[in-house]
Amino acid sequence: MRKIGMIAGMMIPLLGLAACGGNASQDTVENSKDAAVIVNTARIAYDDNSEEKLYHADLQYARSFKFAPQTNGIATQVMIHPGQKVSEGQALIAYPIQNYQLQVEQQQALYRDMLSKLEKQKTLLAKGFVARQTVEDLELEVKNKAKEIRVLEEEYIVKAPFPGIITDVSVRQGDHVVAGTQLFVLSETDKLVAEFFASAEETFRIKEGDEVILELGSLPELQGKVTQKGILMDDARKAYRIRAEFDNQQAIAVGGMTANIRMKLKGNGHSIRIPLTAIASVGGQDIIYKCVHGKAVATPVRIVRIVGRQAVIEGDIKPEDEYVTLGVEKISDQSVIKIMKSDL
């Protein structure tokens, strides 16, 4: 009987120990559940919905004169070379039609005959055999014929319509050229035009006069402005043509090259934009966590669109609401949170 009593006496304290141990373990679980999770936060703010875009563009000089004759002929004089700077009205090339020389020779023969006749009439006038008026009329005819020949000779001399640089010469003196063949290009190099394509939504947001930047790799960037928006969609690209102009006084860029154009598209209304790191997906629903009295409150949102590493969202949110930006993967609804860094 004493043995049984002793065993019973030993069991009671052991049961007591087990009960204490069980309560301690449960307290530990509850405490860990209430432990604050460290997160970063920010406040909801309206965004003007603007965004920076990059477009691929083809560059051309703002003004170019490409000479391609309409008739067959001969390049009798080529007075230019690539890279040459020319002034307005300067003679560049003589390109007469094929029967030009015959025309000139015929007119010059007539002119020589008229000169010879004039000299004879002057001799007769000196002797009193003809009237002075007859000689004066003949002198006028000779002057007019000389003018006709000069016009004929200059008719086929191509002159620069504006000052610029000869950017291409594809003919040599003496070449016989077929109609429609480009012989040279004169360009105004101090201005560049860039053409690129934008979607319908982007075109709606682009305005004439908007500032654009031309990226040229290691070369200095050029500042410019949008000068024209296409009104018809390009069927192949399903986009609209946009034209921008840039000042190129220092001849930094050249026509014919390609480059990137950077511009900021202005917003068309207020929206809320947050970093993608602030969005969690729970049960197929996109949510963010508002910060309310030290706890995370799960709030459903709808992603309108993604812009780089940010998302434009809609939902039960308003400006000045504080929300978790980093650490959403460590929390759930009603988690206790501790703010480590806040962008407020």
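The values are calculated or read from the model by the stated rules, or taken from the named source; none is laboratory data. Note that the structure is a prediction, hence the values are computed from the model and not measured. Virtual Cβ from ideal backbone geometry, glycine too; neighbours counted across all protein chains shown. The area values use the complete protein model at the heavy-atom level, side chains included, leaving out ligands, DNA and RNA. Shrake-Rupley method; radii C 1.70, N 1.55, O 1.52, S 1.80 Å.
Observations, loosely collected:
- Cα-centred dipole magnitude for region 204-344, charges only on beta-carbon of K, R (+1) and D, E (-1), debye, nearest 20: 160 debye
- When each of Lys53/Lys225; Lys66/Lys191; Lys53/Lys318; Lys191/Lys266; Lys117/Lys147; Lys266/Lys318 is checked by Cα-Cα distance, pairs over 20 Å: Lys53/Lys318; Lys191/Lys266; Lys266/Lys318
- Heavy atoms of the protein chains alone define the surface here; on that basis region 176-271 has 55 Å² accessible area per residue at 1.4 Å probe size.
- Farthest towards the positive end of the charge dipole of region 168-289, among the residues His270, Val254, Gly224, is the Cα of His270, using unit charges on the Cβ of Lys, Arg, Asp and Glu.
- Inter-label distance, nm, simple model (7 Å from Cα along the C-beta direction), Arg43/Ile157: 7.7 nm
- Theoretical FRET efficiency, 1/(1+(r/R0)^6), r = Cβ-Cβ of Ile303 and Glu88, R0 56 Å, to 0.05: 0.45
- Note on Gln70 and Ser170: the model spin-label points, each 7 Å out from Cα along the C-beta direction, lie 2.0 nm apart.
- Between Val282 and Glu136, full extension at 0.36 nm per residue minus the direct alpha carbon distance yields a gain of 41.8 nm.
- Rolling a 1.4 angstrom probe over region 222-291 with all protein chains present gives an accessible area of which 48% lies on carbon and sulfur atoms.
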